[in-house]
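Sending over a structure as structure tokens; questions will come in a sec.
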Amino acid sequence: MSSISLKIEHPKRNLRYPDDFPNKEGEDQYRYGFTVYKEVIIQWDRDRDERIFSWYDELPKKIREKIVIAQEHEGMIYLVITKKIKKEDLGTAWDVDGEVWKLAEEEIKVVRGAAAY
């Protein structure tokens, strides 16, 4: 793990970086950074697939408001949420420009004080 540690004040929930982040690039995760997009933190990996913006925009509003962090890594979606989301509302796979992205269910993190589904 890197020695970088940040406290991030976020409108949905205060976060700690890297502790609250999915971190799919291992020790090198800090190199790729993140972007705040419409009150969700988009965490980047090495290929910085910007299609995640359109994926996020197509989610229903009631789902978007519960997501704090989203990361796409090798066709899998990793999420950090603040409140319970039903799988049937979220979905488990999406067509993103002809490529199927799947929900990495084992990698949904729930930040302090929220409930997982």
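Would it be correct to say that T82 is more than 20 Å from D19 (Cα to Cα) and polar (S, T, N, Q)?
Criteria not met by T82.
A further question follows. In the stretch 98-110, what residues are at pLDDT below 70 and among the hydrophobic types (A, V, I, L, M, F, W, C)?
The answer is V110, and nothing else.
Let me confirm something: among I69, I77, which residue is closer than 15 Å to W94 by Cβ, outside any loop (DSSP other than H, G, I, E, B) and not basic (K, R)?
I77
Here is a follow-up. Please give the number of the condition K87 fails out of (1) surrounded by fewer than 15 Cβ atoms within 10 Å (Cβ to Cβ); (2) at pLDDT 90 or above.
(2)
A further question on this structure: Among E50, E72, which is of a type outside the set (S, T, N, Q) and modelled with pLDDT under 95?
None of the other options fit; the residue is E72.
Could you say whether any residue in the stretch 46-64 is assigned to a strand (DSSP E or B) and under 11 Å from the mean Cα position of the chain (by Cα)?
no
A further question follows. So is K7 within 18 Å of K109 (Cβ to Cβ), basic (K, R) and either within 14 Å of the chain's Cα centre (by Cα) or modelled with pLDDT under 80 (or both) or not?
no
Considering only the stretch 65-89, how many residues are charged (D, E, K, R) and within 8 Å of the chain's Cα centre (by Cα)?
Total meeting the criteria: 1.
Same structure, new question: Considering only residues that are in contact with a strand residue (DSSP E or B) (Cβ under 8 Å, 6 or more places away or on another chain), surrounded by fewer than 18 Cβ atoms within 10 Å (Cβ to Cβ) and more than 23 Å from D19 (Cβ to Cβ), which ones fall in the stretch 30-54?
R51, F53, S54
The values are calculated or read from the model by the stated rules, or taken from the named source; none is laboratory data. Owing to the predicted nature of the structure, the values given are computational and were not obtained by experimental measurement. Every residue, glycine as well, gets a Cβ built from its backbone with ideal geometry; the counts of neighbours run over all protein chains shown.
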